[in-house]
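Encoded as structure tokens, the structure appears first; notes follow it.
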Amino acid sequence: MAKQNVTKESSELMKKPEPKPRKEEMEAPRPETRTPGNDAGAEEQSRSLSETRIPPLIQKGQEAFRRDLPELLEKHMGKWVAYSGEERIGIRDSKIELISKCFERGLRDDEFVVRGIAPEAEDIIDPSEWLHV
């Protein structure tokens, strides 16, 4: 009888304890990922991007930058420029200097845009060069 108890106890000791669930198993399920033939993820991302509202001063600053870009390229290539709406805040060698200048003026980060003065991708790439691809 003692032998049976020892055998029973040792077999119980040899059993592996139930593993605790891992943290990721306890978390809520992740959203469905995009797979071939399943454009749900892309559709959702596209919808959220189209619903994103660009702050008005940044939008106007981007437009002013594009309008002024030909002149900026001629005179200030490789520097940085900051706009708040239609107003050009300044041109500097350092992006950090311009950001500091904007904050010193009391502008919030959604009220100005800082851009590098360089040709935009559309100006560099000719789409007709890639039609055969």
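The values are calculated or read from the model by the stated rules, or taken from the named source; none is laboratory data. It should be emphasised that the depicted structure is a prediction, and the values quoted were computed from it without experimental measurement. No Cβ is skipped: glycine too gets one built from the backbone with ideal geometry, and neighbour counts run over all protein chains shown.
Filtering Ile54, Ile91, Ile99, Ile58 for residues that are out of contact with any strand residue (DSSP E or B) (no Cβ under 9 Å at 6 or more places or on another chain) and of a type outside the set (Phe, Trp, Tyr) leaves a single hit, Ile54. Only residues that are under 24 Å from the mean Cα position of the chain (by Cα), part of a helix (DSSP H, G or I) and surrounded by 12 or more Cβ atoms within 10 Å (Cβ to Cβ) were counted in the range 67-102, giving 6.
With the structure loaded, tell me whether Asp109 is in contact with a Lys or Arg (Cβ under 8 Å, 6 or more places away or on another chain) and at pLDDT 60 or above or whether it fails that test.
Numbers: in contact with a Lys or Arg (Cβ under 8 Å, 6 or more places away or on another chain): no; at pLDDT 60 or above: yes.
When the stated conditions are applied, Asp109 does not pass them.
Counting just the residues of the range 103-116 that are outside any loop (DSSP other than H, G, I, E, B) and free of Cβ contacts under 8 Å to residues at least 24 places away in the same chain, which one comes out surrounded by the most Cβ atoms within 10 Å (Cβ to Cβ)? Let's see the steps before the verdict.
Start the filter on the range 103-116 by keeping residues that are outside any loop (DSSP other than H, G, I, E, B), which leaves 103-104, 113-116.
Subsequent filtering for residues that are free of Cβ contacts under 8 Å to residues at least 24 places away in the same chain retains 103-104.
Values: Phe103: 12, Glu104: 8.
Only one residue fits best here, namely Phe103.
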